[in-house]
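The values are calculated or read from the model by the stated rules, or taken from the named source; none is laboratory data. As the structure is a computational prediction, the values presented were derived from the model and not from experiment. Using ideal geometry, Cβ is built from the backbone for each residue, glycine included, and neighbour counts are taken over all protein chains shown. Ligands, DNA and RNA are excluded from the accessible area calculation, which covers all protein heavy atoms including side chains. Shrake-Rupley method; radii C 1.70, N 1.55, O 1.52, S 1.80 Å.
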Protein chains: 2
Amino acid sequence: MTTAQLIAQIHSKKSFLCIGLDVDLNKIPKHLLDTEDPIFEFNKAIIDATHDLAVSYKPNTAFYEAYGLTGWQSLEKTIRYLNANYPEIFTIADAKRGDIGNTSTMYAKAFLDDLQFDSVTVAPYMGKDSVEPFLQFEDKHAIMLALTSNEGAFDFQTLNTDGKELYRQVLETSVTWKNSERLMYVVGATKAEYFTEVRKIVPDSFLLVPGVGAQGGSLSEVCKYGMNDNVGLLINSSRAIIYASPERDFAEKAREEASKIQQEMSVILSDR
Amino acid sequence: MTTAQLIAQIHSKKSFLCIGLDVDLNKIPKHLLDTEDPIFEFNKAIIDATHDLAVSYKPNTAFYEAYGLTGWQSLEKTIRYLNANYPEIFTIADAKRGDIGNTSTMYAKAFLDDLQFDSVTVAPYMGKDSVEPFLQFEDKHAIMLALTSNEGAFDFQTLNTDGKELYRQVLETSVTWKNSERLMYVVGATKAEYFTEVRKIVPDSFLLVPGVGAQGGSLSEVCKYGMNDNVGLLINSSRAIIYASPERDFAEKAREEASKIQQEMSVILSDR
């Protein structure tokens, strides 16, 4: 998917919501456990109920790998279902991969070519040759960790490296890489002021923002400091939406939660 | 596996060789492609031919994920084969994972509990709560990236952070984490002098060392600067061993290559 197509979808749906499909068998409605593929059935119901309110879905691969072969199968079925039924959706494999060049190439092939995700999240620690293989695919994207929303973000990401925080150095260096126009970045919502610094370095890039809601970040604050002329934000919500109800009405309740966020987003977009 | 068991194995085999099982279907002998599970058949033959010369095997998950479901199945069969037939071997899932706490817990469960690897490699960028979940398992280990062997290592890992390189900061911070005695570290062989710095911070830890051989590192230099009283090194070799021959004699040739390295190691161990 091109960035222009993503932007068009955002304006058409009046939403820049990404729904995280982090499916834990201990948290989904009990009646689904009797089906052949509970994880896929859960995802399918959530997607069908929310696809007009969200522009992106993001399965985190950890939740699928944790179930071994059957989990990997559920992931494959989920991305194929999305691509077949909702081709306008921007899909993200939240995998946080990164390895030496030839190995990153294998990961890139797995997620962007074979599984046909639109994008995959990547970790920056190993530098240029660990990320560039993810940027070789036309109309595909790598979403690199810059400043994450967890407590451990402050262990290294905000260390002072030659006068600037490491995450700023990571951003500045990454824009020099080949095909860097295909890069997007993970920037956590927990401190909205950081978005001002981020936007000085990558004014035009899309930012994937976790940490709104459950983790305490404010949507309006993030938009105030992080939004650009093309919106440039994908706000992720996972648990607050997909686990809105543990009963048979889970998809309906997920839609209600997604709708609340979409309405907030609609107001923000019309106020610009 | 306890560290003491690993050390005992090293002394018994006179080897601290780790063999990387990075299996690419384009590089394995053609006759294996007719078997039901070529990747597993390749691994099984390599393992059977070299298990007395190596103390560790390290499948890199990228090479399995690249083949989707069948690749994941080959990975499962490989680790189960190792655990069933060679329980003395120290197994490493080279996955370079790392995510927010509850998500890292899912990865840790997948590799250390379900698949029963002895260890998994992890990335440090997201800090403490992304790594600690991997340290919760008794007699299991997380092997954290410190200084890698690729070109991109010098993009961020050697940046000056408050007076010391980032990789030193990563090492120093990590030893304060809960169960940090279960941490090992990836330190590339490309610049042997770095081992002196690393040993000042983690004198007792095991180091997993890629980059000897194909990538240009010298075994004797690494041992000179990196070895400690308990050896404390696992030297990885992948392609030079497993692709020693593209013909039917691949396992035999792999054994010859592994044997050359093991003999060097045996001399180094007896000279100490």
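Among the residues making up segment B:42-63, those that are open to solvent by 40 Å² or more (accessible area, probe 1.4 Å) and assigned to a loop (DSSP other than H, G, I, E, B) are B:His51, B:Asp52. Entry remark, segment A:18-41: residues being without any contact (Cβ under 8 Å) to a residue 24 or more places away in the chain, under 20 Å from A:Tyr86 (Cβ atoms) and either open to solvent by less than 20 Å² (accessible area, probe 1.4 Å) or of a type in the set (Val, Ile, Thr) (or both) number 0 in total. Here B:Val122 fulfils each of the conditions (1) touching a Gly at 6+ places or on another chain (Cβ under 7 Å); (2) more than 20 Å from B:Val209 (Cα to Cα); (3) more than 9 Å from every other protein chain (Cβ to nearest Cβ) apart from (2).
For segment B:196-250, the set of residues classified as β-branched (Val, Ile, Thr) and under 16 Å from the mean Cα position of the chain (by Cα) consists of B:Val209, B:Val212, B:Val222, B:Val231, B:Ile235, B:Ile241, B:Ile242, listed by residue number.
Within segment A:140-170, can you find the residues that are assigned to a loop (DSSP other than H, G, I, E, B) and over 14 Å from B:Gln169 (Cβ atoms)? Of everything in segment A:140-170, those that are assigned to a loop (DSSP other than H, G, I, E, B) and over 14 Å from B:Gln169 (Cβ atoms) turn out to be A:Lys140, A:Thr148, A:Ser149, A:Asn150, A:Glu151, A:Gly163. Within segment B:13-30, not a single residue is of a type outside the set (D, E, K, R), assigned to a helix (DSSP H, G or I) and touching a Pro at 6+ places or on another chain (Cβ under 7 Å).
Residues in segment A:113-145 that are under 22 Å from B:Gln157 (Cβ atoms) and among the basic types (Lys, Arg): 1 in all. Close contacts from segment B:144-171, counting a first residue that is touching a residue at least 40 places away in the same chain (Cβ under 8 Å) and a second that is open to solvent by 40 Å² or more (accessible area, probe 1.4 Å) and part of a loop (DSSP other than H, G, I, E, B), with Cβ to Cβ under 7 Å and a gap of 6+ residues or different chains, come to B:Ser149/B:Thr190; B:Ser149/B:Gln215. Among the residues of segment A:85-107, those that are closer than 23 Å to A:Ala49 by Cα and either outside any loop (DSSP other than H, G, I, E, B) or facing chain B (nearest Cβ under 8 Å) (or both) comprise A:Asn85, A:Phe90, A:Thr91, A:Ile92, A:Ala93, A:Asp94.
Taking segment B:52-81 as the range and being under 24 Å from B:Ser266 (Cα atoms) and more than 15 Å from the chain's Cα centre (by Cα) as the test, the residues that pass are B:Asp52, B:Leu53. Residue by residue through segment B:236-254, note down the ones that are open to solvent by less than 90 Å² (accessible area, probe 1.4 Å) and not in a loop (DSSP other than H, G, I, E, B). The answer is B:Asn236, B:Ser237, B:Ala240, B:Ile241, B:Ile242, B:Phe250, B:Ala251, B:Lys253, B:Ala254.
For every residue, the table says whether it meets (1) among the β-branched types (Val, Ile, Thr); (2) over 19 Å from the mean Cα position of the chain (by Cα); (3) more than 7 Å from chain B (Cβ to nearest Cβ).
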site	(1), (2), (3)
A:Asp155	no, yes, no
A:Thr161	yes, yes, no
A:Lys178	no, yes, yes
A:Glu181	no, no, yes
A:Val187	yes, no, yes
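Residues of segment B:64-79 that are open to solvent by 10 Å² or more (accessible area, probe 1.4 Å) and within 17 Å of B:Phe117 (Cα to Cα): B:Gln73, B:Glu76, B:Lys77. For segment B:108-119, the count of residues that are among the charged types (D, E, K, R), within 11 Å of chain A (Cβ to nearest Cβ), open to solvent by 10 Å² or more (accessible area, probe 1.4 Å) and in contact with a strand residue (DSSP E or B) (Cβ under 7 Å, 6 or more places away or on another chain) is zero. On inspection, B:Phe137 qualifies as modelled with pLDDT of 95 or more, open to solvent by 30 Å² or more (accessible area, probe 1.4 Å), touching a helix residue (DSSP H, G or I) at 6+ places or on another chain (Cβ under 6 Å) and in a loop (DSSP other than H, G, I, E, B). The residue that is modelled with the lowest pLDDT, among those in segment B:207-218 that are open to solvent by 10 Å² or more (accessible area, probe 1.4 Å) and touching a helix residue (DSSP H, G or I) at 6+ places or on another chain (Cβ under 7 Å), is B:Ala214.
Residues of segment A:141-167 that are touching an Asp or Glu at 6+ places or on another chain (Cβ under 6 Å) and surrounded by fewer than 21 Cβ atoms within 10 Å (Cβ to Cβ): A:Glu151, A:Thr158, A:Asn160. For segment A:235-253, name all the residues that are in contact (Cβ under 8 Å) with a residue 24 or more places away in the chain and either charged (D, E, K, R) or more than 16 Å from A:Val23 (Cβ to Cβ) (or both). Scanning segment A:235-253 gives A:Ile235, A:Arg239, A:Glu247, A:Arg248, A:Glu252. Scanning segment A:16-38 for residues that are in contact with a strand residue (DSSP E or B) (Cβ under 9 Å, 6 or more places away or on another chain) and not aromatic (Phe, Trp, Tyr) gives A:Leu17, A:Cys18, A:Ile19, A:Gly20, A:Leu21, A:Asp22, A:Val23.
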